[in-house]
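The values are calculated or read from the model by the stated rules, or taken from the named source; none is laboratory data. Keep in mind that this is a model prediction, so the values were computed, not measured. Counting neighbours? That spans all protein chains shown, and the Cβs are built from the backbone with ideal geometry, glycine included.
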């Protein structure tokens, strides 16, 4: 089946003024997923070049020569059928340069993350139609010219703010991990503040931090949600760093789905933060040796050192201040 959809005014302009739409191969598990894919592609100004069932996807993706986006809607698909399709999509994306957009449910987070983290995929957990349209628009932007689409501008602005926040956190942690000579190794310089905090003294020994204290900080952060509007104090990056640090101190491993819960934001938002923090060098992925459908997330040595130095700088009598 070869279906094509397009929206005038929401496509690319080629060198000779001809319209170019992003070619999307959609892999869907049911009729409802196909309808969602068609609608999202239409609104994103893309065209469905092929609509595949999961039973055929592995073979068909292996034969794809050119395409721009692979859309996988796994919301009604069993894990056993999903794994080979995800692997085939990764191989196809590596060969063709296509972007992957994956739509899935919360119980599929770990298997999706195990296959697609590190491959630049757009991960959408129980997304709205608008989120799916935006992801397709952004994924299609790898073509020579940009979409003339308002959804693109909204998404790019949101991603810009997200990147700025990641940069802020990385800068803060960088200040806590200066080298012994006091330099910043070429990193972004210190940002001036409206108050004068005491200068940080790099510990001369391994800072001792109790996991219970970190858990207390996490509990006080969650306690605020009982008294204020949900999302008012959303800080998923810091919540994830705290949770991973506590797990490290307790010698526990943290799955992607568990970390998404700790972030206290929608799963799609949490997954985006995990990706950005990984790219910023603060998080690392660890394969589960007993289950290839799952990966664990942990702090990098740099982030772990920064967390220890941070709690040492707070002092022993400031629980809940983090």
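Out of 301, 236, one residue alone is surrounded by fewer than 20 Cβ atoms within 10 Å (Cβ to Cβ), within 21 Å of the chain's Cα centre (by Cα) and closer than 24 Å to residue 209 by Cα. It is 301. If you check residue 256 against the conditions, is it modelled with pLDDT of 85 or more, crowded, with 20+ Cβ neighbours inside 10 Å, in the same structural domain as residue 308 (by TED's automatic domain parsing) and farther than 23 Å from residue 110 by Cβ? Here the answer is no, as residue 256 does not meet what is asked.
Of the residues making up the stretch 108-126, just one is under 17 Å from residue 265 (Cα atoms) and part of a loop (DSSP other than H, G, I, E, B), namely 126. Within the stretch 127-157, which residues are outside any helix (DSSP H, G or I), touching a strand residue (DSSP E or B) at 6+ places or on another chain (Cβ under 8 Å) and modelled with pLDDT of 90 or more? Matches in the stretch 127-157: 127 only.
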